[in-house]
Amino acid sequence: MSWIEALILGIIQGLTEFLPVSSSGHLEIGKHLLGVVATDNLTFTVVVHGATVCSTIVVFRKDIARLLKGFFAFKWNEETQYIFKIAVSMIPIGIVGVFFKDYVEELFNTDKIIVLVGFMLLITATLLAFTYYAKSKDKEVSFKDAFIIGVAQTIAVLPGISRSGSTIATGLLLGNQRKAVARFSFLMVLIPILGENVLSLLKDDFSASGSIGVLPLMVGFIGAFVSGLLACKVMINIVNKGKLIYFAIYCAVVGLIAVFFGL
């Protein structure tokens, strides 16, 4: 992998991790277009996902500091309840990650991966289109909502289903406040991403993934971090303004193109 390819893939990862268009789906499309075989390299995957985690922490640093301060007060306060809601949302993805990770990875090795991505993008487009009719309320995310949103996040392990799109759309359809849903969607993914990387490192041979040089890794990290920082802030404004319908159109168009050329 050259540094230019790493930069392109890093930017794709950073943008699509937060924008509701599926990072996994776009990385597969990017891999197909660039002809890069090493995009599933463990080292590169860990690095770019770590970059998006850093982007989230930077954007929500005040919220994270407030939550941790309230949590370590060891009281059943608002901050402690919020952290427990995040924990509840992690239950579905945790079950899939521990018991069904190999089956999910097999989906990425199919010869018709682009076709699969295309159909899943069409599902993402449909889900985002439904939010056009969602009524924004002052309701905060409940424990029940947190679990349902967690189920939506689990479905997003399929290539082409957007994690941010599915979780935010689900939260909005449940009647939650737009700003509250956006914040919950981005904070709830921090631990699952870190957990996924740790499981990958424990399972796979990290030393065997050394085909990528230091420069491409650094460039990929910077590209994912900077683009992720921008995309995260932009996405918050988009959700608050209720403009997800434009991403529904985008996903529908890209999905149809992927299906057409993948068949």
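The residues listed here are Gly70, Gly150; of these, the one that is of a type outside the set (Ser, Thr, Tyr) and surrounded by 21 or more Cβ atoms within 10 Å (Cβ to Cβ) is Gly150.
Among the residues of region 45-67, is there at least one that is among the hydrophobic types (A, V, I, L, M, F, W, C), in contact with a Pro (Cβ under 9 Å, 6 or more places away or on another chain) and either at pLDDT below 85 or part of a helix (DSSP H, G or I) (or both)?
So in region 45-67, the residues among the hydrophobic types (A, V, I, L, M, F, W, C) come out as 46-48, 51, 53-54, 57-60, 64-65, 67.
With in contact with a Pro (Cβ under 9 Å, 6 or more places away or on another chain) added as a condition, the list becomes none.
No; the residues of region 45-67 include none that is among the hydrophobic types (A, V, I, L, M, F, W, C), in contact with a Pro (Cβ under 9 Å, 6 or more places away or on another chain) and either at pLDDT below 85 or part of a helix (DSSP H, G or I) (or both).
Looking for whichever is polar (S, T, N, Q), farther than 22 Å from Met218 by Cβ and touching a residue at least 40 places away in the same chain (Cβ under 8 Å) here; the options are Ser55, Ser89. Which one fits? Write out each step before concluding.
Values: Ser55 fails: farther than 22 Å from Met218 by Cβ.
Among Ser55, Ser89, only Ser89 is polar (S, T, N, Q), farther than 22 Å from Met218 by Cβ and touching a residue at least 40 places away in the same chain (Cβ under 8 Å).
Number of residues in region 43-57 that are over 17 Å from Met188 (Cβ atoms) and not hydroxyl-bearing (Ser, Thr, Tyr): the value is 6.
Among the residues making up region 88-100, those that are in a helix (DSSP H, G or I) and either over 17 Å from the mean Cα position of the chain (by Cα) or surrounded by 15 or more Cβ atoms within 10 Å (Cβ to Cβ) (or both) are Val88, Ser89, Met90, Pro92, Ile93, Gly94, Ile95, Val96, Gly97, Val98, Phe99. Take the residues of region 101-122 that are surrounded by 12 or more Cβ atoms within 10 Å (Cβ to Cβ) and either aromatic (Phe, Trp, Tyr) or without any contact (Cβ under 8 Å) to a residue 24 or more places away in the chain (or both): which is nearest to Phe147 (Cα to Cα)? The selected residue is Glu105.
Of all residues in region 229-247, those satisfying the criterion of being over 16 Å from Thr170 (Cβ atoms) and touching a Lys or Arg at 6+ places or on another chain (Cβ under 8 Å) are Ile236, Asn240.
The values are calculated or read from the model by the stated rules, or taken from the named source; none is laboratory data. Please read all numbers here as calculations on a predicted model, not as lab measurements. Reconstructed Cβ throughout: ideal geometry from the backbone, glycine too, with neighbour counts over all protein chains shown.
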